[in-house]
1. So for the stretch 1-113, if I pair up every lysine 8 or more residues apart or on another chain, how many of those pairs have alpha-carbons under 19 Å apart?
2. Nearest 0.05, what FRET efficiency do SER106 and ARG69 give at R0 = 41 Å with Cβ-Cβ as r?
3. If eta is 1.306 mPa s and T is 10 °C, what Stokes-Einstein diffusion coefficient results for the chain, Kirkwood Rh from Cα pairs, in µm²/s?
4. Compute the acute angle (0 to 90°) between the alpha-carbon long axis of helix 81-113 and the principal axis of greatest extent of the alpha-carbon atoms of the chain; round to the nearest 10°.
5. Which angle from 0 to 90°, rounded to the nearest 10, does the C-alpha axis of helix 20-32 make with the longest principal axis of the chain?
6. Give the angle, between 0 and 90 degrees and rounded to the nearest 10, that separates the Cα long axis of helix 46-60 from the longest principal axis of the Cα atoms of the chain.
Amino acid sequence: MKIQLKISLINDDNKRFMGIGLVWLLRRIKKYKSISRASRDINMSYVKALKILNGLEENLDRKLLIRERGGKEHGGTELTSFAENFIEEYDCLQKNIKAYSENRFSEFNQKLLFREDVKKPEKTIDRLL
């Protein structure tokens, strides 16, 4: 038995605006310097990528991308320094939350396994039939 968490950031209206998929998208934008190429790489439509990137910038009230129009030869997109730091901090937060939750779950599991007041079912031939 193990624990699995899904970490999301939500805004004041209780709407989710950030999850691991957006981190994957930002990393690929950094790699390819293209929103179009990055979105294709994670099987996301370009329109959806633009929508969630704009939503992230709006919710964080910070610019994440430096966009230059002009297509394949002249355009491109780069991450701002804020975006780079944001990804690093989000990764750190996620790792810390995961480590904490796994540790607490292990403690929880140990308490359950060694509780004396909980009678464990006996395996008998009758039960198995």
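Just so it is clear, none of the values below were taken in a lab; they were calculated from the coordinates. Since the model is a prediction, treat every value here as computed from it, not as a measurement. Glycine gets a Cβ as well: all are built from the backbone with ideal geometry, and neighbour counts include every protein chain shown.
1. Number of lysine pairs found: 20.
2. 0.20
3. 88
4. 10
5. In the chain, helix 20-32 runs at an angle near 40 degrees to the longest axis.
6. That works out to roughly 80 degrees.
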